[in-house]
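See structure below.
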Amino acid sequence: MSNVSVTKDAGGPESAPSDLVVLNNVNKHFGALHVLQDIDLTIASGEVVVVIGPSGSGKSTLCRTINRLETIDSGHIAIDEKPLPEEGKELAQLRADVGMVFQSFNLFAHKTVLENVMLGQLKVRRTPKQEAQDKAQALLDRVGVANQAHKYPAQLSGGQQQRVAIARALAMDPKVMLFDEPTSALDPEMINEVLEVMQQLARDGMTMVVVTHEMGFARSAANRVVFMSDGRIVEEAAPEQFFNNPRSDRAKDFLSKIL
Ligand code: ADP
Ligand code: MG
């Protein structure tokens, strides 16, 4: 077993200083459905973790629990050594440390691209307006849509909108970025432009959790692949290990269907 594990420490449940996201024995139910079962997951600062698994296995729920869009029934979640609070101002602050990019871009339709990227900075971070605008413009440049700043989301392609959504999340200076199937709703020719932005983020050292079916991305950008099935983490390994030599029958079966 130890030959495939790439988790850094073989030690106990205590976390190391570089552990940015720690889930300890997390359980969640939706009614009778035990959607997350005894999830233990530790993500180090700068690590890129790709989460894969069949539809319905709990990947989105896992992401949503990490920034407390979903409550959990038992267990512990900590971001940068701070336990996730139940609610209130602290929760808003902690949530702002966790950037999230969804399958559907979720931009505000009645705000310009620039305003979309400024909004969280103004409301949550209380950044002065000019500073927020300068930062938004710089981030739009970084994701390659600087010249779209004054358009409305509907005037942009899906790939451009998703890159704006990434810029908007980055504007909060998140400690970790969660991506839940960020390219699944895109036309094929737009997938790469979004993956390239994510690749660059990974190279820049951003801590990332990425749910995706893009195995090329997983192979080239991930430090670790986490395979989920039926609410459990069934297997985790370095990408080449996982793709070339999956251990579990469930992972083998899944890979045989998608590769
Ligand atoms: P994945 O992202 O891996 O496809 P999800 O986390 O979206 O899986 O869903 C896991 C399971 O939980 C599915 O069976 C789904 O139908 C169920 N589920 C997700 N959200 C809810 C909810 N809000 N209420 C009830 N069941 C849900
Ligand atoms: Mg999902």
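The values are calculated or read from the model by the stated rules, or taken from the named source; none is laboratory data. The structure presented is a predicted model; accordingly, all values stated were derived computationally and were not measured. As a convention, Cβ positions derive from the backbone with ideal geometry for all residues, glycine included, and neighbour counts pool all protein chains shown. All accessible areas refer to the heavy atoms of the entire protein, side chains included, with ligands and DNA or RNA removed. Shrake-Rupley method; radii C 1.70, N 1.55, O 1.52, S 1.80 Å.
Annotations
- Cα→Cβ-extended label distance, 7 Å offset, between Asn106 and Ala185, nm: 1.0
- Carbon and sulfur %, accessible surface of the chain computed with the full protein complex present, 1.4 Å: 48
- Between Ala238 and Phe30, the C-beta separation translates, for a Förster distance of 35 Å, into a calculated FRET efficiency of about 0.65.
- Amide H to amide H distances under 5 Å link Leu20 with Ile43, Ala44, Ser45, where only residues 5 or more positions off or on other chains count and H is placed in the peptide plane.
- Near the amide H of Val234, within less than 5 Å, lie the amide hydrogens of Phe227, Met228, Ser229, all on another chain or at least 5 residues away, with H placed in the peptide plane.
- Computed from phi, the 3J(HN,Hα) profile of region 216-233 under the Karplus parametrisation 6.51, -1.76, 1.60 (θ = phi - 60°) reads x, 5, 4, 5, 8, 10, 7, 7, 8, 10, 10, 9, 10, 8, 6, x, 10, 7 Hz, with x in place of Gly and Pro.
- DSSP-defined antiparallel bridges as percent of all bridges, the chain, nearest 5: 55
- Taking θ as phi - 60° and the Karplus parameters 6.51, -1.76 and 1.60, the scalar couplings of region 184-193 work out to 5, 9, 9, 4, x, 6, 9, 5, 5, 5 Hz in sequence order, x denoting glycine and proline.
- Measuring how big region 137-259 is from its alpha-carbon positions, Rg and Dmax come out at 16.0, 51 Å.
- Residues of region 159-178 with amide N under 11 Å of the 7 Å Cα→Cβ point at Asn147: none
- Spatial separation of Cα centroids for region 206-235 and region 72-119, in angstrom: 21
- For the residues Lys135, Lys28, Lys123, a GNM of the chain with alpha-carbon springs under 10 Å puts the largest fluctuation on Lys123.
- Per residue, the accessible area of region 54-142 comes to 55 Å² when a 1.4 Å probe rolls over the protein heavy atoms.
- In terms of packing, defined here as the mean over residues of other Cβ atoms within 10 angstrom, the peptides 201-214, 73-86, 237-250 line up highest first as 201-214, 237-250, 73-86.
- In this Cβ point-charge picture (+1 for Lys and Arg, -1 for Asp and Glu), the chain has a dipole of about 600 debye about its Cα centre.
- Put simply, the chain fits an ellipsoid with semi-axes of 30, 22, 17 Å; these come from the alpha carbon gyration tensor as the roots of five times its eigenvalues, largest first.
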